[in-house]
Amino acid sequence: MGFLDVETWQGKVFSGEWTAGSGGTYDAVEPATGATLAKVGTATAEDVDAAARRAAEAQREWAAMPYGQRAGVLRRAGQLFVEHEDEIHEWLVRESGATRPFAGFQTRAVAAEECWEAAALAAQPYGQLLRSNQPRLSMARRRPVGVVGVIAPFNAPIILAIRAIAPALALGNAVLLKPDPRTAISGGVVFARIFEEAGLPAGLFQVLPGGADVGASLVDHPQVPVIAFTGSTRAGRVIARAAADRLKRVHLELGGNSALLVLDDVDVERAVSVGAFGSFNHTGQICMATSRHLVDARIAEDYAQALAEHAERLTVGDPYRDDVALGPVIDAGQRDGIHRIVTESVAAGSTVRSGGSYDGLFYRPTVLSDVSPDAPAYAEEIFGPVAPVVPFDGLDEAVRLASGTEYGLSLGILTRDVMKGLDLAERIPSGLVHINDQTVNDEAVAPFGGVGDSGTGSRHGGAEANLEAFTETQWVTVRGEMPAYPF
């Protein structure tokens, strides 16, 4: 019987044990073929309430444990991602449409590393001594928030959940996870089995698959004081408003419309390879994807032509059965949204240099030129394999174009003059900047987050961000004797 044996979890939710969800079941569908992979259990508001109450009770004992015990569970969880990566990859490829290299990146390069980094986080200093004008010891210490609600999306279901789950647990919290219903196996069942086998005490981690109603119940529950959400800006605004009514903290990692600035001193062929990966990896379904190629006008035509040639060579198909560069988009709604942006941009004067078509859920990598700043392909988050190429004349115009968006997630700058690149980075609002690389980058040790419509800043990655995200600061003073007051 395999690690992810279907009979263990099919049609069930996880609350420390596998039980039937009170919302019934639904089909997990393979986007490449439309085949049903398994039945997924569905949670309801009643399940959320029971999970939150159980998690709050279990969390108190977990927080009181020696940090080494929490670290041991996280170390074991990281190892389990490595030991069972083949099974996990199979579900990622079939359920989310990921290629095998992208599935591998999610498990070994990110999930395992996130768990190991979280294990080290458990041993980090958790406070500081403060000076005081009074005869007392004064200190600030970090305490776990209690129960953390994690709401994760479909596009990178392992990465975009584990970066909140692992540090939250390591710091003494319980976690309730609501995965995207389209990837509730690779983004939900996988975590339940990992932490079940790693020896995490029952009730500390629970998986609640379902739709927006389940997410709303999680945000609204009084025993869930912190929400970590990754998804669209539209949904993030809804969650932020609902959380504000409860005076809850929300950590929002939202959409992007990230620019790649290509200066005229680059090797064009090499720059095109970098840009193609940024736009087309995982069919462009990445929040950090290179969404706008801003290219010096002196090389823009050569760049667009070479990028189109790269796009034409990329293979698109079923990543489970064939060795392809791009798999399917997640569903018909996603595909139709991508195609609307392309067709409306063409109607606004853009030229299709390659792609612009699809077969089922397989969208061809697309290159557009003659893209005006008011075209949808320039102004909107595409979340698909589309690369708009826009020329600029001079660095001031490059800065204006790159900054001309409500988003501020990631920025790439390609140039032989790295000091010029650093100067440009100072002038463009962005949570992440990569000089001489494309916009899609992620490491467990690095702070991650965007500005503007891309989110509420760095709330993931690195000890400082994780401590800020998943603990509360408590001021404590200690006197040797009680003072005398004039009352």
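Per-structure values
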{"read-out": "Ratio Rg/Rh, restricted to the stretch 261-328 and using Cα atoms, in which Rh is the Kirkwood radius", "value": "1.02"}
{"read-out": "Share, in percent, of DSSP beta bridges within the chain that are antiparallel, nearest 5", "value": "45"}
{"read-out": "Label point at Phe487 placed 7 Å out along Cα→Cβ; residues across the stretch 134-155 whose backbone nitrogen lies under 20 Å", "value": "134-136"}
{"read-out": "Sorted peptide list for 460-466, 471-477, 152-158, 114-120, criterion being average Cβ within 10 angstrom, highest first", "value": "152-158, 114-120, 460-466, 471-477"}
{"read-out": "Nearest-ten-degree value, helix 233-245 long axis tilted from longest Cα axis of the chain", "value": "20"}
{"read-out": "Accessible surface of Met288 - all protein chains present, 1.4 Å probe, nearest 10 Å²", "value": "10"}
{"read-out": "Around Ala43: net Lys/Arg minus Asp/Glu count, Cβ-Cβ under 12 Å", "value": "-2"}
{"read-out": "Where N is the number of residues in the stretch 93-139, Cα Rg divided by 2.2 N^0.38 Å", "value": "2.23"}
{"read-out": "Solvent exposure of the chain as accessible area per residue, Å², 1.4 Å probe", "value": "41"}
{"read-out": "Per-residue ³J(HN,Hα) for the stretch 442-455, Karplus 6.51 cos²θ - 1.76 cosθ + 1.60, θ = phi - 60°, Hz, x for Gly and Pro", "value": "7, 9, 4, 8, 9, x, 9, x, x, 10, x, 6, 8, x"}
{"read-out": "Efficiency of FRET between Asp374 and Met139 - r from beta-carbon atoms, R0 60 angstrom, step 0.05", "value": "0.60"}
{"read-out": "Relative counts (whole %) of C-alpha pair distances in the stretch 97-232, using bins that are 5 Å wide", "value": "2, 10, 18, 21, 18, 12, 8, 5, 3, 2, 1, 0, 0"}
{"read-out": "Selected from Ala140, Phe383, Thr439, residue furthest toward positive end of dipole (the chain; charges at beta carbon)", "value": "Ala140"}
{"read-out": "Fraction of accessible area attributable to carbon and sulfur, the chain (%, probe 1.4 Å)", "value": "50"}
{"read-out": "Ranking by accessible area, most exposed first, for Lys39, Lys178 with a 1.4 Å probe", "value": "Lys39, Lys178"}
{"read-out": "Normalised contact order of the chain, rounded percent, pairs of Cα under 8 Å and 6 or more residues apart", "value": "17"}
{"read-out": "The stretch 409-468 and the stretch 210-273: distance between their alpha carbon centers, rounded to Å", "value": "15"}
{"read-out": "Nearest-10 value in Å² for the accessible area of Asp296, using the 1.4 Å probe", "value": "10"}
{"read-out": "Calculated FRET efficiency for the pair Glu269/Arg237, C-beta based, R₀ 35 Å, to 0.05", "value": "0.25"}
{"read-out": "Listed residues Asp423, Asp180 arranged by accessible area, highest first, probe 1.4 Å", "value": "Asp423, Asp180"}
{"read-out": "Inter-probe distance in nm under a simple model that places probes 7 Å from Cα toward Cβ, at Glu61 and Asp302", "value": "6.8"}
{"read-out": "Rough spin-label spacing in nm, given labels placed 7 Å along Cα→Cβ, for Arg53 and Asp393", "value": "6.9"}
{"read-out": "Cα gyration tensor shape for the chain, rounded if a/c is under 1.5, else prolate or oblate", "value": "oblate"}
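The values are calculated or read from the model by the stated rules, or taken from the named source; none is laboratory data. All values reported here derive from a predicted model rather than from experimental measurement. Ideal geometry is used to build each Cβ from the backbone, glycine not excepted, and the neighbour counts take in all protein chains shown. SASA here: full protein model, heavy atoms, side chains in, ligands and nucleic acids out. Shrake-Rupley method; radii C 1.70, N 1.55, O 1.52, S 1.80 Å.
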